[in-house]
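Okay, so here's the structure we're looking at.
The values are calculated or read from the model by the stated rules, or taken from the named source; none is laboratory data. No experiment lies behind these values; they were computed from the predicted model shown. Here the Cβ is made from the backbone with ideal geometry for all residues, glycine too, and neighbour counts use every protein chain on show. Heads up: the accessible areas ignore ligands, DNA and RNA and are worked out on the full protein's heavy atoms, side chains in. Shrake-Rupley method; radii C 1.70, N 1.55, O 1.52, S 1.80 Å.
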Amino acid sequence: MHDHDGRRTAGNRWPCVPLGALVDCLDARRVPLNRAQRACRPGSVPYHGASGVTGYVDRALFDGPLILLGEDGAPFFDPARDVAFFHDGPLWAGNHVHVLRPRAGVDGRFVAHALNTVAYGAYVEGAIRPKLTRARMNGLPVPCPPLHCQRRVADELDVALERVARQLRTLAMHEALVREQADAALWHAVRLGEGECTTRLLGSVFDIVGGGTPATTQPAYWGGDVPWITPADLPAGPPAWLRHGARSLTMDGLAACRATLASPGALVVSTRAPVGRVGMAAVAVSVSQGCKALQPREGDVDPAYAGLLLRAYAPVLRQRAGGSVFAEVDTPALASLELPLPSLPAQRAAARSAWGMLDRLAGQATACTDMVSVLHEYRFALRHALVRGQAP
């Protein structure tokens, strides 16, 4: 545990003191501006919100070295994201971020790094929108080494974390390239079948099965053996085989919402927010009202090819979406979608080629995701060690 009286605590080479002893709080000078107000006063002065700079305005409320610490709406429980920032220069701040000026003998960069290692669970209030009140903020424990040590640690962390940030940007670009290649593989599969094909309406090839949601207040309807698929369970990229969703139904729940089980091999397409995501049922599944299950009527459609084809046509589906509250594709609009279907052997050949490429790209995407996780863990561990005077 931390001591707040300046004594060393377990794991700390340096004593901890309350944040309020290191900074002056300037919150009274904050002035919130909404997006429309910011748009009316364009400029080059950063406007700072709870999670960072959210725009630019024409003049500043603050200047000089400052520490910006999220008050509410900040990612207090996500160690991969910062809640504290150091800024040196003109700034406008809204009322969702605490504005702190380091006192003499305090390096604001060091304090910002230290604040990004705090476990905020014991300090924030509110379950839906966590808030760090000024009183709780003043009591946050911060290691307090001599000024020359603060500067050395801040310099080292600034260099190391910028290097990590460059690596994360490179990985983000690679992930974007992988997504583009996956989209290209989808269209390549469709083009392979465009030689000799028959245009069919989707409703003449598939039986369209709707879904529903049983009462969430009835425990007897939930947690059974029936996979229940919602738009959130479908992949944002290429289609994937579905064996379960985040939730499942009992047979009573299935009956209560008057849904029908779709057989293995059926396609599941999201028809509501977001429109156009596709999965392929590896087992019998039910769906929510935000999806439709497409059951092949005849044996002349290969599910692996049809899934790729339908995902490639997602932009067309989105154009057909209507609704005043949220975008939704109704059953007639879905049934009237024109699909170019080549012969079954051509479908299977195109699907094999595309899925081979997609599997390789999925491996690259997984490697990128793993590396991003490693870099975030390293970033947090390095900060945690150095601000406490430990060897990294």
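Quick check on my filter: what residues within region 330-371 are of a type in the set (A, V, I, L, M, F, W, C), closer than 14 Å to Y305 by Cα and assigned to a helix (DSSP H, G or I)? The answer is L344, A346, A349, A350, A351, A354, W355, M357, L358.
Which residues, counting only those in region 255-286, are open to solvent by 30 Å² or more (accessible area, probe 1.4 Å) and either of a type in the set (G, A, S) or free of Cβ contacts under 8 Å to residues at least 12 places away in the same chain (or both)? Before the answer, list the steps.
Start the filter on region 255-286 by keeping residues that are open to solvent by 30 Å² or more (accessible area, probe 1.4 Å), which leaves 255-256, 258, 260-261, 263-264, 272-274, 277, 282-284.
Across region 255-286, the qualifying residues are A255, A256, S263, A273, A282, A284.
Looking at V83, V31, V23, V97, just one residue is over 30 Å from the mean Cα position of the chain (by Cα), on the phi < 0 side of the Ramachandran plot and modelled with pLDDT of 95 or more, and that residue is V23. Looking across region 287-327, the residues that are surrounded by 13 or more Cβ atoms within 10 Å (Cβ to Cβ) and either touching a Ser or Thr at 6+ places or on another chain (Cβ under 7 Å) or in a strand (DSSP E or B) (or both) come down to V287, S288, Q289, G290, C291, K292, A293, L294, Q295, P296. Against the conditions (1) out of contact with any strand residue (DSSP E or B) (no Cβ under 8 Å at 6 or more places or on another chain); (2) closer than 13 Å to A50 by Cβ; (3) not acidic (D, E), where does L68 fall short? Just the number, please. If we test L68 against (1) out of contact with any strand residue (DSSP E or B) (no Cβ under 8 Å at 6 or more places or on another chain); (2) closer than 13 Å to A50 by Cβ; (3) not acidic (D, E), just (1) comes out false. Applying the selection to region 238-254, what residues are under 22 Å from D302 (Cβ atoms) and either part of a strand (DSSP E or B) or open to solvent by 30 Å² or more (accessible area, probe 1.4 Å) (or both)? P238, A240, W241, L242, R243 - these are the residues of region 238-254 that are under 22 Å from D302 (Cβ atoms) and either part of a strand (DSSP E or B) or open to solvent by 30 Å² or more (accessible area, probe 1.4 Å) (or both). Of the residues making up region 43-55, just one is assigned to a strand (DSSP E or B) and more than 25 Å from the chain's Cα centre (by Cα), namely V45.
Is it the case, given these coordinates, that V283 is among the β-branched types (V, I, T), in a loop (DSSP other than H, G, I, E, B) and more than 16 Å from S204 (Cα to Cα)?
yes
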